[in-house]
Amino acid sequence: MLETEKLQKRISSLGVCSRREAENLIVNKRVLVNNQIAYIGQRVTIDDEIKIDNQIINNETKRFYILLNKPKNTICTLKDPKKRQTIYQWMQLDSFCYSIGRLDFNTTGVIIITNDGEFANALAHPSFGIEREYIALLEKELSQKELSFLNSNFVRLNGKFSKQTVKKIANKTYSITLNEGRNHHIKNLFLLVNNYVVKLHRKRYGFLDDSNLEVGQFRNLKEEEVTKFQEIIKKSSS
């Protein structure tokens with residue numbers, strides 16, 4: 001018996017759009033399954049023919065997994081109302097895809113881009129706790145007391161505990177390692193000790209770092225790198 005999955009999940013996994021957008025397409029009767037109007041909650045198999053706006057979705061859509069060293073002054077959304085340049089425009093990607101772990105407009109650093117919706121959703125989920133390492137240039141030096149506080153078990157951001165390792169690596173420059181990525185997390189962290197982030201770069205995401213990848217450059221993930229992430233996902237889900 002063929003395995004089934006929710007229609008919106010299938011559409012997302014094919015790299016067409018997000019699950020939420022797929023649900024909107026279904027509600028608006030723009031999706032057909034075997035030439036019948038689809039409905040929310042419908043389950044499909046790999047043998048079912050899916051059409052969006054009367055165009056068949058290709059079940060053999062080629063997956064891509066890219067590591068970008070994000071340049072400054074680019075945004076990690078598909079479209080921006082303020083007309084700022086997106087990372088997808090920078091990379092000249094015209095197919096629907098996802099960024100895993102967004103970075104702020106003026107932040108640089110490594111980020112994974114893929115059209116594999118399930119891969120992206122899994123890695124982005126907080127439960128996976130993928131380790132991230134950032135390099136922050138601050139407005140001023142941290143005192144030993146402030147540094148000890150940031151490395152303690154008593155740091156709270158918006159009512160939630162935040163656990164990280166902060167190390168001084170140069171004048172006003174610090175390495176921050178943590179296993180989550182809340183909105184403006186690093187900047188808000190240093191605001192707790194009345195300090196400001198002047199420059200921020202994400203050096204590492206999991207086992208991937210910016211080695212041999214200048215800011216603005218990108219490369220395809222190696223097959224073994226994708227497999228390693230898939231193994232992490234499988235292990236965490238079991």
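Descriptive notes on the structure:
- Counted charge near LEU200, where neighbours are those whose Cβ lies closer than 10 Å (Asp, Glu -1; Lys, Arg +1): +3
- Rounded to 5, percent antiparallel among DSSP beta bridges of the chain: 95 percent
- The slack between VAL215 and LYS160, meaning 0.36 nm per residue of separation minus the straight C-alpha distance, is 16.6 nm.
- From the coordinates shown, percent of Cα pairs over 34 Å apart corresponds to which of (1) 26; (2) 17; (3) 14: (1)
- Note on the stretch 1-92: Kirkwood radius taken over Cα pairs, Stokes-Einstein applied at 20 °C and 1.002 mPa s, translational D equal to 143 µm² s⁻¹.
- Estimated dipole of the stretch 127-238 in Debye, rounded to 20 [Cβ of Lys and Arg +1, of Asp and Glu -1, Cα centre]: 380 debye
- Global geometry of the stretch 121-238, whether rounded, prolate or oblate, following the gyration tensor of its Cα atoms and the 1.5 cut on a/c: oblate
- For LEU221, the amide hydrogen comes within under 5 Å of the amide hydrogens of TYR65, ILE66, LEU67, counting only partners 5 or more places away or on other chains and with H modelled in the peptide plane.
- All aspartates and glutamates inside 20 Å of LYS6 as judged from Cα atoms, apart from same-chain residues fewer than 8 positions distant: GLU21, GLU23, ASP47, ASP48, GLU49, ASP53, GLU60, ASP116, GLU118
- When the GluC sites (Glu not before Pro) in the stretch 191-226 are filtered for DSSP coil states and for at most 15 other beta-carbon atoms within 10 Å of their beta-carbon, the remaining sites are GLU214.
- Efficiency of FRET between TYR39 and LEU192 - r from beta-carbon atoms, R0 45 angstrom, step 0.05: 0.40
- Within the stretch 66-144, GluC sites (Glu not before Pro) in DSSP loop having at most 11 other beta-carbon neighbours inside 10 Å: GLU139
- The stretch 5-56 shape via C-alpha gyration tensor axes, a/c threshold 1.5: rounded
- Spatially proximal aspartates and glutamates relative to LYS172 (Cα-Cα < 19 Å; intrachain offsets below 8 disregarded): GLU133, GLU139, GLU141, GLU146
- Sites listed here are trypsin sites (Lys or Arg not before Pro) in the stretch 77-151 whose DSSP assignment is loop and whose Cβ has at most 14 other Cβ atoms within 10 Å: LYS79, LYS82, LYS83, ARG84, LYS140.
Coordinate-derived values only; no laboratory data. What you are looking at is a predicted structure, and each value in this text was computed from that prediction instead of being measured. Cβ: placed from backbone, ideal geometry, glycine included. Neighbour counts: every protein chain shown.
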